[in-house]
Amino acid sequence: MTASTTPILSMKGVTRVYRQGKVDVHALRGVDLDIHKGDFAAIWGPSGSGKSTVLNQMGALDQPTAGTVLLEGTDLGSLSRKALSAMRRDRIGFVFQSYNLIPVLTAYENAESIMALQGVPVAERRDRVMGLLEDVGLEGLEDRRPHELSGGQQQRVAIARALASNPAVILADEPTANLDSVTSEKLLDMMARLNNERGATFVFSTHDPRVMKYARRVIGLVDGRVDSDVQKEQGVEHKHQSRV
Amino acid sequence: MMLLKMAWRNVWRNHRRSSITIVAMTLALVAELLYSGLVTGMIHSMEDDATEFDLGDLQVFHEGYLTRPSLYDVVPDAGTLIGKLEEAGYQAAPRLYAGGLGGSGDMSAGVQMVGIDPVRDARTLALSEAMAEGAWLDAADPSGVVVGRGLARTLGLDLGSELLVVSQGADGSIANALYTVRGILMSVAASMDRSSVLMTEDAFRELMVLPEGVHKVIIRRPKDVPLKQAKTQVAALAGMGATDPAEGSVAVEGQAATVETGTDGLDVMTWEEINPFLAQMLAGVSGMVAIVYFIVYLAVAILILNAMLMAVFERIKEFGVLKAIGYSPRQVMIMMILEGLIQASVALVAGLLLAAPGMWWLQNRGVDVGALGGIQMVGMTMPPIWKAHYTWSTVQVPIIMLFVITFIAVLWPALRAARISPVEAMHHQ
Ligand SMILES: Nc1ncnc2c1ncn2[C@@H]1O[C@H](COP(=O)(O)OP(=O)(O)O)[C@@H](O)[C@H]1O
Ligand SMILES: [Mg+2]
C-alpha cells in the first residue's frame, strides 16, 4: 500500500478565494495533496476548514484561484466546460451529504443513469447495476423511488451510482452527516469493503470521529491548509507526510 | 431516452402546476382551432359570395370600362362571344349598366340600372336565388324590376310598388319609365344593396335607347379550370389572340389582357383583378389570423415561462446534482425543453379531442348570425349562417404555433437550469 505509482489525483499549491461582498474568504490557502489508487482517505477537519472546497476542486466542480489539479495526469484547468462535464461523468463518482438522487428515477434507474449517458449497452448496464445494488445491500429495492428509501439506503444508491460508471475515484462529501451513528458505521463498513474487494478509491470528508476511524488515511485540514496526513497500516499509525 | 423519461416524470411531479399549464395550452389550442376554422370559413364564403353574386370569376368589357364606365363603351358582338364561351363549357351572362334617379312617392335616390338576361344570369350567378321577397326577373314581364333591399328601404318600396326611373338615353333624350317592383334582393354586396335596379335586357335597351352591345360579360369557369388558365382561354375566345403574359401581348401579369379589335379594345379580368382589395384582404386574413394566434399564445407563453421558472427554482439542488454527476448543460437544457414539449403534446391530444365536436359542428351546421342583420366587410355581406372551413392547413397552423411558442417560452428557464453551477446549487437552501 505504498504511494509509488503516479497519483490519480494531484493538487499542487491550490488556493481558493471566495469573494463575499467586499471580503475575501480564503477557503484554501495552498493545498498540496496526492490521492493514489486504492486510497481510502478521510478529509478531516472542523466545519469551515475547507473540506468541501477540496473535494469540489478534486471533482472538477470548481476552479482553483491559483494552483493546479491533475486528474490522472490531466490538468483540469485546461479543460472546456464540456470536457469537464465528460470528466465528471466518466472519471469521478460523487456522493453528497443529501439530495444525491434524482427524485423521479427509481433506485435502479439512478444507478443506471450515468451509464446511460456514457452509452453503455442496456444488457451490460443491467448486469452491472444489479450486481452493485446487491453489493450495497439493496436487493429487492430496485424499483423504489428515493423518497421511499431511508437516508442510509439513499446513500447506498448514491454509492452504487458512483461505482457504476467505473470512475477513477469516488468523492464523498460528509456522506454520513445526515445519518444516525449505526447507519453511518454500516455505510462506512460497506465502503471499506468495496475498497477492499473492488479496489475502489474513496476520498470522503467528515468531522465525525466514529467515521474517521474507518479511514486508512486521514488528511487533517485546518483553515484551508493540510495540517496532517496520516497513513494507518494494519492498525499501526505512521506519519506519511506532515505539515505543521 | 433517459432524458425523455426524466422529463415525462418531472412533468407529473407537480400535478397542479403542470395541469394548469396544460389546461391553458389546451384552451388556447381549442380557441385557435375554432377561430381559424371560422375565419377560413368566412374567407371562403366571402370569396364564394364575391364570385357567385357579384363578380363572377371573370369579366369581359370594353377597355377602360372598369375605371371610366361609359354608356357608349360596349362589347360589340357579345352574343357570339357568349355562344363560344358556352360551347367551351363556361357560363356567361351579359350585363348592361346605367346610372339614373329613382323615385317613388316624394322620395328619390340615385340608382344603378342593370340590364340582365334573366335566364343566362340565373345560370351564371346566384343572384336569382338571393331573393328576400318576390320573384326573379322574367323576360315576359319587361316592366317588372328587382331592387336591392337597401334601396327598397330608402324609397319605401314593397312588392308591387311603382318605381319611376329617370336617366339620359344613349341618344341624348330624357329616358324615363315606370316599373313595378316584382322582387327585392337580400343583402349580398353593399353597393348592389343600396342602389341596384335590376331589369330585363330588353327593358334596359328600350329605356336607354341602346340597341347594340353590352357593358360586361360575366363569366363563371368550369370548376376544374384554374383562374389564370381560364383567363387565357377567355381572352383567346374573345379574339384577343395569345394572352400569355410571357408572350408579351400582356405587359404586366395581373393586368387586363388587352387587344385592339379594330378601334375597340377589350379587357378580360379575373375577379381578383377587379376587386384587388377584396382579394388582398382575403389573402391578408391569414396574416391577421396569425396575429390573433400570437396574442392568445403570448398569454400562454407567459404562463409557461412562469411555471417553468418556478420549476427550475424548486429544483436547483437537483440540477446541481445532475451537473455534478456528469450531465452536460446541453442535456439539462434538452430535458427542460422536453418537459415543455411534453406538456404541449398532452395539450395537443386534449385540445384535438375537445375541439373536434365543435369543429365538426361549425363546419357542418355553422353559427346563425342572421340575427346580427348582415355584417358587412369590404363591401361584402356575411352570410346568415357562418360556417367554419377546415383544411389541413387550418388545423396545422395553430398546432405548429403552440409548439413553437412553447419552445420559445421554455428556452429561458431551460438555459437557467443548464447554467446552474453545482457548487452554488449545493449551497442553495
Ligand atoms: N460559495 C462560497 N462562497 C463564499 N464562501 C464560501 C463558499 N463556499 C465555501 N465558502 C467558505 O469557504 C470556507 C470553507 O468552506 P467549506 O469548504 O464548505 O468548508 P467545510 O466543508 O470544511 O465545512 C468557509 O469559510 C466557507 O464559508
Ligand atoms: Mg462541507
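The values are calculated or read from the model by the stated rules, or taken from the named source; none is laboratory data. All of these numbers come straight from a predicted model, not from anything done at the bench. A quick note on method: Cβ atoms are made from the backbone with ideal geometry, for glycine too, and the neighbour counts reach across all protein chains shown.
How many residues does the range B:10-22 contain that are among the charged types (D, E, K, R) and either buried (at least 18 other Cβ atoms within 10 Å of the Cβ) or under 14 Å from B:Ala344 (Cα atoms) (or both)? Even if it seems obvious, please write down each step before you answer.
Let us first name the residues in the range B:10-22 that are among the charged types (D, E, K, R), namely B:13, B:16-17.
Checking which are either buried (at least 18 other Cβ atoms within 10 Å of the Cβ) or under 14 Å from B:Ala344 (Cα atoms) (or both) leaves us with B:17.
Counting residues in the range B:10-22 that are among the charged types (D, E, K, R) and either buried (at least 18 other Cβ atoms within 10 Å of the Cβ) or under 14 Å from B:Ala344 (Cα atoms) (or both) gives 1.
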Exercise. Tell me which residues, restricted to the range A:119-142, are within 16 Å of A:Asn166 (Cβ to Cβ) and in a loop (DSSP other than H, G, I, E, B).
Key: A:Gly119, A:Val120, A:Pro121, A:Val136
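List the helices (runs of 4 or more DSSP H) that sit entirely inside the range B:1-89 and contain at least 1 residues that are under 30 Å from B:Tyr293 (Cβ atoms) and either within 14 Å of chain A (Cβ to nearest Cβ) or touching a residue at least 40 places away in the same chain (Cβ under 8 Å) (or both).
Values: elements: B:2-11, B:15-49, B:78-87.
It comes to B:2-11, B:15-49.
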Quiz item: Any residue at all in the range B:254-262 that is within 30 Å of B:Asp202 (Cα to Cα), exposed (fewer than 15 other Cβ atoms within 10 Å of the Cβ) and either at pLDDT 90 or above or assigned by TED's automatic domain parsing to the domain that holds B:Leu34 (or both)?
Solution: no
Quiz item: When residues of the range B:23-60 are filtered for being surrounded by 23 or more Cβ atoms within 10 Å (Cβ to Cβ) and more than 25 Å from the chain's Cα centre (by Cα), how many remain?
Solution: 2
Practice problem: Scan A:Arg128, A:Arg91 and give me the residue that is among the charged types (D, E, K, R) and within 13 Å of chain B (Cβ to nearest Cβ). | Solution: A:Arg91
Quiz item: Just wondering, is there one or more residues in the range B:296-312 that are of a type in the set (A, V, I, L, M, F, W, C) and free of Cβ contacts under 8 Å to residues at least 24 places away in the same chain?
Solution: no
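Do the conditions hold for B:Val423, that is, is it in a helix (DSSP H, G or I) and either under 20 Å from B:Gly351 (Cα atoms) or among the polar types (S, T, N, Q) (or both)? Full working, then the answer.
Values: in a helix (DSSP H, G or I): yes; either under 20 Å from B:Gly351 (Cα atoms) or among the polar types (S, T, N, Q) (or both): no.
Here the answer is no, as B:Val423 does not meet what is asked.
Do any strands (runs of 3 or more DSSP E) lying entirely in the range A:16-118 carry at least 3 residues that are closer than 30 Å to A:Arg216 by Cα and within 15 Å of ligand 1 (Cβ to nearest atom), and which ones are they?
Details: elements: A:23-35, A:40-44, A:66-71, A:92-95.
Once the strands (runs of 3 or more DSSP E) in the range A:16-118 are filtered for at least 3 residues that are closer than 30 Å to A:Arg216 by Cα and within 15 Å of ligand 1 (Cβ to nearest atom), what remains is A:23-35, A:40-44.
Of everything in the range B:305-317, what is within 8 Å of chain A (Cβ to nearest Cβ) and crowded, with 22+ Cβ neighbours inside 10 Å? Give them in sequence order. Even if it seems obvious, please write down each step before you answer.
Going through the range B:305-317, the residues within 8 Å of chain A (Cβ to nearest Cβ) turn out to be B:317.
Within the range B:305-317, none qualify.
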Self-check item: Contacts under 7 angstrom Cβ, first residue in the range A:151-173 being over 18 Å from A:Lys186 (Cβ atoms) and in contact (Cβ under 8 Å) with a residue 60 or more places away in the chain, partner outside any helix (DSSP H, G or I) and within 16 Å of ligand 1 (Cβ to nearest atom), 6 or more apart
Solution: A:Val169/A:Val203; A:Leu171/A:Gly59; A:Leu171/A:Phe94; A:Leu171/A:Val203; A:Asp173/A:Phe96; A:Asp173/A:Gln97; A:Asp173/A:Ser205
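For every residue, the table says whether it meets (1) more than 14 Å from chain B (Cβ to nearest Cβ); (2) more than 17 Å from the chain's Cα centre (by Cα).
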{"position": "A:Val23", "(1), (2)": "yes, yes"}
{"position": "A:His26", "(1), (2)": "yes, yes"}
{"position": "A:Lys37", "(1), (2)": "yes, no"}
{"position": "A:Lys51", "(1), (2)": "no, no"}
Quiz item: Which residue pairs have Cβ atoms closer than 9 Å, lie 6 or more positions apart in sequence or on different chains, and pair a first residue in the range A:49-68 that is hydrophobic (A, V, I, L, M, F, W, C) with a second residue that is part of a loop (DSSP other than H, G, I, E, B)?
Solution: A:Val54/A:Gly224; A:Leu55/A:Leu61; A:Ala60/A:Leu79; A:Leu61/B:Ser421
Exercise. Restricting attention to the range B:278-304, report how many residues are surrounded by 14 or more Cβ atoms within 10 Å (Cβ to Cβ) and of a type outside the set (A, V, I, L, M).
Key: 3
Quiz item: In the range B:316-362, how many are in a helix (DSSP H, G or I), small (Gly, Ala, Ser) and out of contact with any Leu (no Cβ under 7 Å at 6 or more places or on another chain)?
Solution: 5
Practice problem: Run A:Glu139 past the list (1) over 21 Å from B:Ala425 (Cβ atoms); (2) surrounded by 18 or more Cβ atoms within 10 Å (Cβ to Cβ); (3) among the charged types (D, E, K, R) and report the number of the one that doesn't hold. | Solution: (2)
Quiz item: Taking the range A:54-68 on its own, how many of its residues are in contact with an Asp or Glu (Cβ under 7 Å, 6 or more places away or on another chain) and more than 9 Å from every other protein chain (Cβ to nearest Cβ)?
Solution: 2
Quiz prompt | Given (1) at the interface with chain B (Cβ under 7 Å from one of its Cβ atoms); (2) in contact (Cβ under 8 Å) with a residue 40 or more places away in the chain, number of the condition A:Leu117 does not satisfy | solution = (2)
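Would you mind finding the one in B:Glu212, B:Glu201 that is charged (D, E, K, R) and either without any contact (Cβ under 8 Å) to a residue 60 or more places away in the chain or surrounded by fewer than 21 Cβ atoms within 10 Å (Cβ to Cβ) (or both)? Please lay out each step first, then the result.
Values: B:Glu201 fails: either without any contact (Cβ under 8 Å) to a residue 60 or more places away in the chain or surrounded by fewer than 21 Cβ atoms within 10 Å (Cβ to Cβ) (or both).
From the options B:Glu212, B:Glu201, the qualifying one is B:Glu212.
Here's the yes/no breakdown for (1) within 12 Å of ligand 2 (Cβ to nearest atom); (2) modelled with pLDDT of 95 or more; (3) more than 15 Å from the chain's Cα centre (by Cα):
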| residue | (1), (2), (3) |
| --- | --- |
| A:Ile43 | yes, yes, no |
| A:Leu61 | no, no, no |
| A:Thr68 | no, yes, yes |
| A:Gly77 | no, no, yes |
| A:Arg81 | no, no, yes |
Quiz item: (1) within 15 Å of the chain's Cα centre (by Cα); (2) within 14 Å of chain B (Cβ to nearest Cβ): which one isn't true of A:Ile102, the others all being true?
Solution: (1)
Quiz item: more than 24 Å from B:Ile420 (Cβ to Cβ) and acidic (Asp, Glu) - does that describe any residue in the range A:19-32?
Solution: yes
Quiz item: With (1) of a type outside the set (Asp, Glu); (2) closer than 30 Å to A:Ala116 by Cα; (3) out of contact with any His (no Cβ under 9 Å at 6 or more places or on another chain); (4) surrounded by fewer than 19 Cβ atoms within 10 Å (Cβ to Cβ) as the list, and A:Ala164 as the residue in question, which single condition is left unmet?
Solution: (4)
Quiz prompt | Pairs, first at the interface with another protein chain (Cβ under 7 Å from one of its Cβ atoms) in the range B:321-337, second charged (D, E, K, R) and crowded, with 24+ Cβ neighbours inside 10 Å, C-beta under 6 Å, six or more apart | solution = B:Gly326/A:Arg88
Practice problem: Can you confirm whether the range A:176-187 contains a residue that is within 16 Å of ligand 1 (Cβ to nearest atom), free of Cβ contacts under 8 Å to residues at least 60 places away in the same chain and buried (at least 22 other Cβ atoms within 10 Å of the Cβ)? | Solution: yes
